[in-house]
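The values are calculated or read from the model by the stated rules, or taken from the named source; none is laboratory data. What you see is a predicted model; the values in this text were computed from it and never measured. All Cβ positions, glycine included, derive from the backbone under ideal geometry; neighbour counts span all protein chains shown.
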Amino acid sequence: MLERFAQTARQAVIDARQEAARAGQDRVRSEHVLLGLLQEPGPAADALTAAGVDADSLRARLPRGDHEVPADLDADALSTLGIDLDAVRRAADAAFGPGALDRARVTGRRRLPFAPDARQTLAGAARQAVQLSHRQITSGHLLLGILDQKRNGALTMLARAGTDVAALRADVLRRLA
């Protein structure tokens, strides 16, 4: 499904799955894709940042599910068990790359499916790439896939953050040209 996606767009989808799991959701929704787009360099992150959107403020507006993973490991609680969290982080970073401990999948959970609005985002991204005669689907196309829907959780979050969606769409199109 992701074979036409540029590497950063693919990674944004992976990041979206991790955001959904971290929030305890049972599906990947458009708001998770939006957060994933903010984490990867490219036209979407650039346009969102220029519009004043940041991951922390959006994450605070994100609905929480039944299986939420704590955002931070409690270093003090772990130290009472004789575990040095900083040493564990250094070892994980050395073995698996920077931030590996934060990106770790929740064990025992299946891969989260996409909710209808996230599927519409992916389909909309493909449509935009075709319309613009682009060979690859980039993060900008994914953001357009979100913005072109009539309603979804990501649009609601952007509206609550005071984002001018029409101006954001125009900026993304300019960056893709």
Worksheet entry | Candidate set from segment 154-177 (those that are of a type in the set (A, V, I, L, M, F, W, C) and assigned to a loop (DSSP other than H, G, I, E, B)); member that is nearest to the chain's Cα centre (by Cα) | Ala161
Worksheet item: On the given criteria, is Ile137 under 20 Å from Asp171 (Cβ atoms) and touching a strand residue (DSSP E or B) at 6+ places or on another chain (Cβ under 8 Å)?
Response: yes
Worksheet item: Is it the case that Val33 is farther than 23 Å from Ser133 by Cβ and in a helix (DSSP H, G or I)?
Response: yes
Worksheet item: Which of the following residues is more than 22 Å from His141 (Cβ to Cβ) and either touching a residue at least 24 places away in the same chain (Cβ under 8 Å) or surrounded by fewer than 22 Cβ atoms within 10 Å (Cβ to Cβ) (or both): Ala55, Ala60, Ala45?
Response: Ala60
Item to complete: Taking only segment 146-166 into account, find how many residues are farther than 12 Å from Val53 by Cβ and small (Gly, Ala, Ser).
Response: 2
Discussion item. Residue pairs, Cβ under 6 Å, 6 or more apart or interchain, first in segment 97-121 and among the β-branched types (Val, Ile, Thr) and at pLDDT 65 or above, second surrounded by 11 or more Cβ atoms within 10 Å (Cβ to Cβ) and not in a loop (DSSP other than H, G, I, E, B). List them.
Written reply: Thr121/Ser30; Thr121/Val33; Thr121/Gly145; Thr121/Ile146
Practice prompt. Of the conditions (1) touching a Ser or Thr at 6+ places or on another chain (Cβ under 8 Å); (2) at pLDDT below 90; (3) closer than 21 Å to Gln39 by Cα, Leu85 clears all except one; give me its number.
Written response: (3)
Practice prompt. Being small (Gly, Ala, Ser) and either not assigned by TED's automatic domain parsing to the domain that holds Ala167 or not in a helix (DSSP H, G or I) (or both) is the filter here, so list the residues in segment 36-50 that pass it.
Written response: Gly42
Worksheet item: If you go through segment 133-153, how many residues are modelled with pLDDT of 95 or more and part of a helix (DSSP H, G or I)?
Response: 9
Item to complete: Give segment 22-35 a look and list any residue that's in contact with a Lys or Arg (Cβ under 8 Å, 6 or more places away or on another chain) and of a type in the set (Gly, Ala, Ser), or say none.
Response: Ala23, Gly24
Fill in: Any hit, segment 158-168, residues being under 22 Å from Asp15 (Cα atoms), touching a residue at least 60 places away in the same chain (Cβ under 8 Å) and in contact with an Asp or Glu (Cβ under 7 Å, 6 or more places away or on another chain)
no
